[in-house]
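Presented below is the structure to which this report refers.
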Amino acid sequence: MNYEYTGAAADLHAAVTQAAAAWDRPQPGADVSQDETFAQHWDLAVSLGWTTILDDVELADEQGRELLEAAGAAVSALARAGAKLPVRQTLLARTAARESFDEAAVAVLDDGTGLWEPIAAVVVAPNGEVRTQTPSRAEHLDIAGRPLAAPVPRPVQLADRQSAVSNYLLLHEITGAVDGAVDLTRAYVGQRIQFGRPLSSIPAVKTTLGELSVAQGQLHAALREVGRRLPEASERPRFALAAAREIAATTAGFVASTAHQLHGAMGITAESGLHHRTTLLWADRDEGRTTTDPAVLTETQLWELTAPGATS
């Protein structure tokens, strides 16, 4: 049960999935940007237009909404395949920039996370100013092997539009990694024979697989609701994003730990490929999250924020 895209987003998700399926993955624990395949994969992503989907797009109209979903589909497909490229960060940086820059450049928005920043040729400030730098080897990595500017993020205030796009694309990345981890887990327990029958036929395993499906469904529903609300000029999109981020964080942790439990020792081997998805889940679940106290709402306010959007 994978997240369902429609239209151009579905076509792009299928194309990215097909391309990434043939890619070799870097060794676990290593800097993914230093792997010999990284430059090749990045060049392909650029040449196929995955990083420029949101260039000069007005995200408030219907076309912008469709292209934003397509950008999310590309990010999701890469995560589902366990492929780690700075496509999400470059998409975000390009939407925030006040001037154009080299389409082939790895770019990041200075959002305080420092993710992929060491190898970026372009850094975009929250006010849209663009500066270039010489990419360098990272001194710090996150658990997924992605370069970091520093081991601890710093607080940066983003504009509402930047924050919304950032969180929306991150939700797609988490969703893709969740779907990929669950896919691998279902395949493994269906093929692994124990006591003369597949693991998937054991009642306890069946129950656990059901719990994974429920968690997937909750995350998918939250992401769909965010997509419906994004064009709205109100507090509703921000509320949906915040709620979806909490659901995504909980789902990421649950799926990662459960997938490894069902795989046993096999899940940490290079042959499995599970760790390419689960390390991404562990790295993404806390990105940019804050611990501010929620506002006190009246019953009417709570209903206005939680009522589903129109299903267009």
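The values are calculated or read from the model by the stated rules, or taken from the named source; none is laboratory data. Nothing here was measured: the structure is a model prediction, and the numbers come from that model. Positions of Cβ are backbone-derived with ideal geometry, glycine not excepted, and every protein chain shown enters the neighbour counts. Side chains are part of the model used for accessible areas, which takes the heavy atoms of the whole protein and leaves out ligands, DNA and RNA. Shrake-Rupley method; radii C 1.70, N 1.55, O 1.52, S 1.80 Å.
Against the conditions (1) open to solvent by 60 Å² or more (accessible area, probe 1.4 Å); (2) in a helix (DSSP H, G or I), where does A233 fall short? Just the number, please.
Against the list (1) open to solvent by 60 Å² or more (accessible area, probe 1.4 Å); (2) in a helix (DSSP H, G or I), A233 comes up short only on (2).
Condition first: surrounded by 24 or more Cβ atoms within 10 Å (Cβ to Cβ), of a type in the set (V, I, T), touching a Phe, Trp or Tyr at 6+ places or on another chain (Cβ under 8 Å) and free of Cβ contacts under 8 Å to residues at least 60 places away in the same chain. Can you find one or more residues in region 89-98 that meet it?
Within region 89-98 (the criterion being surrounded by 24 or more Cβ atoms within 10 Å (Cβ to Cβ), of a type in the set (V, I, T), touching a Phe, Trp or Tyr at 6+ places or on another chain (Cβ under 8 Å) and free of Cβ contacts under 8 Å to residues at least 60 places away in the same chain), the answer is no, since none of the residues qualifies.
Find the residue count for region 24-54, including only residues that are more than 22 Å from A73 (Cβ to Cβ), assigned to a loop (DSSP other than H, G, I, E, B) and in contact (Cβ under 8 Å) with a residue 60 or more places away in the chain.
The qualifying residues number 6.
Please verify whether region 249-267 includes one or more residues that are open to solvent by less than 80 Å² (accessible area, probe 1.4 Å), in contact with a strand residue (DSSP E or B) (Cβ under 9 Å, 6 or more places away or on another chain) and at pLDDT 90 or above.
no
Quick one: would you say W303 is among the aromatic types (F, W, Y), modelled with pLDDT of 85 or more and in a helix (DSSP H, G or I)?
In short, no.
Quick one: in region 126-155, of everything that is of a type in the set (A, V, I, L, M, F, W, C) and surrounded by 15 or more Cβ atoms within 10 Å (Cβ to Cβ), which residue is nearest to L223 (Cα to Cα)?
Among them, the one singled out is A144.
Condition check ((1) open to solvent by 30 Å² or more (accessible area, probe 1.4 Å); (2) at positive phi) across all residues:
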| site | (1), (2) |
| --- | --- |
| N2 | yes, no |
| V16 | no, no |
| D24 | yes, no |
| A30 | yes, no |
| S33 | no, no |
| L44 | yes, no |
| D56 | yes, yes |
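Yes/no matrix, rows are residues, columns are (1) touching a Ser or Thr at 6+ places or on another chain (Cβ under 8 Å); (2) within 23 Å of T279 (Cβ to Cβ); (3) of a type in the set (D, E, K, R):
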position	(1), (2), (3)
A83	no, yes, no
Q89	no, yes, no
E103	yes, no, yes
D110	no, no, yes
W116	yes, yes, no
V122	yes, no, no
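Restricting attention to region 100-117, which residues are open to solvent by 20 Å² or more (accessible area, probe 1.4 Å), closer than 23 Å to D286 by Cα and touching a strand residue (DSSP E or B) at 6+ places or on another chain (Cβ under 6 Å)?
D110, E117
Scan region 190-206 residue by residue and report those that are more than 24 Å from E4 (Cα to Cα), open to solvent by 50 Å² or more (accessible area, probe 1.4 Å) and assigned to a helix (DSSP H, G or I).
Answer for region 190-206, where residues must be more than 24 Å from E4 (Cα to Cα), open to solvent by 50 Å² or more (accessible area, probe 1.4 Å) and assigned to a helix (DSSP H, G or I): Q191, P203, A204.
How about region 170-189: which of its residues are surrounded by 14 or more Cβ atoms within 10 Å (Cβ to Cβ) and hydrophobic (A, V, I, L, M, F, W, C)? Write out each step before concluding.
So the first thing to find is which residues in region 170-189 are surrounded by 14 or more Cβ atoms within 10 Å (Cβ to Cβ), and the list is 170-186, 188-189.
Answer for region 170-189, where residues must be surrounded by 14 or more Cβ atoms within 10 Å (Cβ to Cβ) and hydrophobic (A, V, I, L, M, F, W, C): L170, L171, I174, A177, V178, A181, V182, L184, V189.
Out of contact with any strand residue (DSSP E or B) (no Cβ under 7 Å at 6 or more places or on another chain), small (G, A, S) and in contact (Cβ under 8 Å) with a residue 12 or more places away in the chain, is that true of A215?
yes
Right, G227: touching a Phe, Trp or Tyr at 6+ places or on another chain (Cβ under 9 Å) and either open to solvent by less than 50 Å² (accessible area, probe 1.4 Å) or over 24 Å from E66 (Cβ atoms) (or both) or not?
Spelling it out, G227 is indeed touching a Phe, Trp or Tyr at 6+ places or on another chain (Cβ under 9 Å) and either open to solvent by less than 50 Å² (accessible area, probe 1.4 Å) or over 24 Å from E66 (Cβ atoms) (or both).
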